[in-house]
Amino acid sequence: MAYIVPRPELTFKEKAYLPSILNGLKITFGHFKKMMKGETKVTMQYPEETWDSELPEHYRGAPTLVKDEHDRERCVACQLCEFICPPRAITIKPMEIPADDKFAKVEKRPAEFEIDMIRCIYCGMCEEVCPEQAIFLRKDYAITGITRAEMVHDKAKLYELGGVFKGLVHKWNPEK
Amino acid sequence: MTTLAFFDSIPWEMILWAAGKSLFVIFGVVLPLVSYTVYAERRVSAAIQDRVGPNRTGFPTTLLGFKKDLQLFLGGLGQPIADAMKFILKEDFTPAGVKHFYFWLAPCLAMLPLVSLAFIPFGSSLFGEKMVIANVNVGVLGIFAVTGCSVYAIVLAGWASNSKYPFLGGIRSSSQMIAYELSMGLSIIPVLMLFGSMNLSDLVQYQADNGWLLLPLWGNGLSTERWLMLIPLTISFIIFMIAVFAETNRLPFDMPESETELVAGYHTEYGSMKFALFFLGEYAAMIVGSALMVVFFFGGWHIPLIPDGNGVGGLSFLHALPDWVWGIVNITAFFGKVAVILVFFIWVRWTLPRFRFDQLMKLGWLYLFEIALANIFLAAAVLAFTSN
């Protein structure tokens, strides 16, 4: 059904147009003044200001490896993370721990452990699948590099980022 | 005439002064002013839209091996330099199928508004030399002639690009410029009627002695004639300002390049430095327009109570300083006034939405043109009434 759109009756002031322009100029100047006084809330000035202190508990940043309190590598090179990793960012080369080693009882550890941070999608599946709780997603998010090779985190880099994780592994914890 | 006599007959001093003044105005003032107007545009628009704007580009001292870029008081002041570097280093791409000669000619013509700066008195005098490049009696006509030519850049760019959007932009622009050129010229006539000459330096001198046209507070500016003339002059000023907005293709009249309809209008097919020339030309036209407004209505280089470069007028104790100081103060005052009007241009741009094309034409032909015409008769009536 057709209906007639009511056209508003403009007053002379509105028709003259100039007062409306002045009104508009007043509004934009208000914004300008607020900005100059620093009252406007603006975006975070990134490299100087960061969000680090307000990152939530569940934040998923760069995946890292951890050692336990005895300085033992928690990773036992079971390669579950390598198999579950959706973008196949993880490459593990396992090795047998020599018999004269302090931790010979653990039998295996990774000889090489590489995560290609160009491929990593920060999904956290590696953390979830790890039976030894050796791999954790930490809160580092600014992973940059100049070359592709630089973006591949090797074992040393992963342990450096990960640090030490103390306490019982959940699978041995009867409460969990 | 012997060679020597011919050599002597050349007015070397005048040529040197003219060259020096041209170099100073174009490279010392206007081009930096253009680039920093672009920067101001970005910062002011950001502030109006509750953003921060470009505040990081310092002077790239990191290239010289320093740890940080040099940030001067505001931050981002290196932005125009970075912009220019970007434009210069970009590939100068010419699309296939363009009309090469005109395609290259158009961006050159876009810088034409700079020529009209020759007629504008940008300062009183310095070391006894008048601070205007060409002190001619047809100053006003000269400026209108030159700015009238600037439409060619847009028309040629639109036509030579051999593409539909530039073509539409060029056509729109030519019709718009013709419509507003008329009211622009007519709106100035009351000023010329009051003053009776077209020499811009004399016009500014008159305003310095007898009160600015929109601020008649001293000299014969206190007469009934001048105060009654304020009515037609204010109308003149408003029409002239609107026409300048339209002539320089600024919002709310930026029809030729309305990006929502025409991609980028007449410069769609242009890139790198050729685009930059259009861009700079537009801002140069803005500066010329503001300079005209200052000269016609706001007393040019004059500030009340400050003497001019010849040591005339102003407060008496200020004459203790040498005259050239005041000459420089006058030049600064002129470009300061221009800068204020430029900021107003920017402010308006980020306030008003674009007109529809038919509204624009209607405003130009049906309102501004008629009002400007009637205004001439009003001014004539005021002058006739008060001269008795």
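Readers should treat all values here as calculations from the given coordinates under stated rules, not as data from a laboratory. The structure presented is a predicted model; accordingly, all values stated were derived computationally and were not measured. Positions of Cβ are generated from backbone atoms using ideal geometry, with glycine treated the same way; all protein chains shown enter the neighbour counts.
Given an 8 Å cut-off on Cα distances and at least 6 residues of separation, report the relative contact order of chain B as a percent. Working shown, then result.
Numbers: 579 pairs, mean separation 84.2, N = 388.
Once divided by the residue count of chain B, the mean separation gives 22 percent.
What is the spin-label model distance, in nm, from B:V325 to A:Y46 if the labels are put 7 Å beyond Cα along the C-beta direction?
Computed distance between label sites B:V325 and A:Y46 equals 5.0 nm.
Scan the stretch A:1-91 for GluC sites (Glu not before Pro) in coil per DSSP, keeping those whose Cβ has at most 10 other Cβ atoms within 10 Å, and list them by number.
Details: sites: A:E9, A:E14, A:E39, A:E48, A:E49, A:E54, A:E57, A:E69, A:E73, A:E82; in loops: A:E9, A:E39, A:E48, A:E49, A:E57, A:E69.
Answer by residue number: A:E9, A:E39, A:E48, A:E49, A:E57, A:E69.
Treating the Cα atoms of the protein assembly as shown as identical point scatterers in vacuum, please give the log10 of the normalised Debye intensity I(q)/I(0) at q = 0.07, 0.09, 0.11 Å⁻¹, two decimals.
These q points yield log10 I(q)/I(0) values of -0.62, -0.84, -1.09.
Per-residue HN-Hα couplings for the stretch A:69-81, Karplus 6.51 cos²θ - 1.76 cosθ + 1.60 at θ = phi - 60°, whole Hz, x for Gly and Pro?
So the Karplus estimates, Gly and Pro as x, are 5, 8, 6, 9, 5, 6, 5, 10, 6, 6, 6, 4, 5 Hz.
Got a sec to turn the phi values of the stretch A:161-166 into Karplus ³J(HN,Hα) couplings, 6.51 cos²θ - 1.76 cosθ + 1.60 with θ = phi - 60°, whole Hz, x for Gly and Pro?
Those phi angles translate into 6, x, x, 10, 10, 9 Hz.
Please arrange A:T50, B:T147, A:T91 by counting, for each residue, the other beta carbons lying within 10 Å of its beta carbon, fewest first. Walk me through the intermediate numbers first.
Numbers: A:T50 13, B:T147 23, A:T91 16.
Ranked by crowding around the Cβ, least crowded first: A:T50, A:T91, B:T147.
Which value, in debye to the nearest 20, describes the size of the charge dipole of the protein assembly as shown about its Cα centre when Lys and Arg Cβ atoms bear +1, Asp and Glu Cβ atoms bear -1, and nothing else is charged? Kindly include the intermediate steps, with their values, before the conclusion.
Values: 48 positive and 52 negative charges, 159 e Å.
Here the protein assembly as shown has a charge dipole of around 760 debye.
Amide H neighbours of B:W301 under 5 Å, at least 5 residues apart or on other chains, H built in the peptide plane: list them.
Residues meeting the amide H criterion: none.
Peptides A:26-34, A:141-149: what's the order by average Cβ count within 10 Å, highest mean first? Mind showing how you got there, number by number?
Working: A:26-34: 14.6, A:141-149: 10.0.
Answer by packing, highest mean first, reads A:26-34, A:141-149.
Among B:M177, B:M229, B:N199, flag the residue with its Cα farthest along the positive direction of the charge dipole of chain B, charges on Cβ as +1 for Lys/Arg and -1 for Asp/Glu.
B:M177
With a point put 7 Å past each Cα toward its Cβ, work out how far A:A104 is from A:E160 in nm, to one decimal.
So the two model labels end up 3.3 nm from each other.
In the stretch B:81-139, which chymotrypsin sites (Phe, Trp or Tyr not before Pro) fall in coil by DSSP and have 15 or fewer other Cβ atoms within 10 Å?
Taking the stretch B:81-139 and a limit of 15 other Cβ atoms within 10 Å, the loop chymotrypsin sites (Phe, Trp or Tyr not before Pro) found are B:F93, B:F127.
With +1 on each Lys and Arg Cβ and -1 on each Asp and Glu Cβ, and nothing else charged, work out how big the dipole of the stretch B:207-300 is about its Cα centre, in Debye to the nearest 20.
On the way: 3 positive and 9 negative charges, 68 e Å.
Taking the Cα centre of the stretch B:207-300 as origin, the dipole is about 320 debye.
Please give me the summed charge of the neighbours of B:L342: other residues whose Cβ is under 14 Å from its Cβ, Lys and Arg +1, Asp and Glu -1.
Details: positive: B:R42, B:R43, B:R250, B:K337, B:R349; negative: B:E41, B:E282.
Summing Lys/Arg as +1 and Asp/Glu as -1 gives +3.
Read phi for every residue in the stretch B:355-367 and hand back ³J(HN,Hα) as whole Hz from Karplus 6.51 cos²θ - 1.76 cosθ + 1.60, θ = phi - 60°, with x for Gly and Pro.
6, 7, 5, 5, 5, 4, 5, 5, 4, x, 7, 8, 10
Taking only DSSP H segments of four or more residues, each worth -39500 (n - 2.57), what value at 222 nm results for chain B once the sum is divided by all its residues, to the nearest 500 deg cm²/dmol? Intermediate values should be presented prior to the final figure.
On the way: 14 runs with 230 residues, N = 388.
So the helix-based figure for chain B works out to -20000 deg cm²/dmol.
I'd like to know which of A:N23, B:G327, B:M293 lies farthest towards the positive end of the charge dipole of the protein assembly as shown, counting +1 on Cβ of Lys and Arg and -1 on Cβ of Asp and Glu.
Projecting each Cα onto the dipole axis, the largest value belongs to A:N23.
Check A:K108: other-chain or 5+ apart residues with amide H under 5 Å from its amide H, H built from backbone geometry?
A:I97
What does the convex hull of the alpha-carbon atoms of the stretch B:92-387 project to on average, in nm²? It would help to have the intermediate numbers written out before the result.
Details: hull surface 64.6 nm².
Orientation-averaged projected area of the Cα hull: 16.1 nm².
For A:V152, what residues show an amide H to amide H distance below 5 Å, using hydrogens built from the backbone and excluding near sequence neighbours?
Residues meeting the criterion, in which the H sits 1.01 Å from N, are A:M117.
Within 12 Å, Cβ to Cβ, of A:T91, how many net charges do the neighbouring residues add up to if Lys/Arg are +1 and Asp/Glu are -1? Show your work: numbers first, answer last.
Details: positive: A:R88, A:K93, A:R119, A:K155; negative: A:E82, A:E112, A:E114, A:D116, A:D154.
Summing Lys and Arg as +1 and Asp and Glu as -1 gives -1.
222 nm [θ] for chain A, helices only, -39500 (n - 2.57) per DSSP H run of 4+, per residue, to 500?
Values: 5 runs with 43 residues, N = 176.
Theoretical 222 nm ellipticity from helices: -7000 deg cm²/dmol.
What is the local net charge at B:N210, summed over the other residues whose Cβ is closer than 11 Å to its Cβ (Lys, Arg +1; Asp, Glu -1)?
Around B:N210, the surrounding residues sum to -1.
Tell me, in nm to one decimal, what length is gained between B:T61 and B:I15 on full extension, where the rule is 0.36 nm per residue of separation less the Cα-Cα distance? Walk me through the numbers on the way to the answer.
Numbers: separation 46, 0.36 × 46 = 16.56 nm, distance 4.00 nm.
Between B:T61 and B:I15, full extension yields an extra 12.6 nm.
Report relative contact order for the stretch A:37-112 in percent, whole number only (criteria: Cα-Cα under 8 Å, sequence separation at least 6).
21
Dividing the alpha-carbon radius of gyration of the stretch B:77-165 by 2.2 N^0.38 Å (N being the number of residues), what value is obtained? Before the final figure, lay out the partial values.
On the way: Rg = 18.1 Å, N = 89, 2.2 N^0.38 = 12.1 Å.
In units of the globular-protein estimate, the stretch B:77-165 measures up at 1.49.
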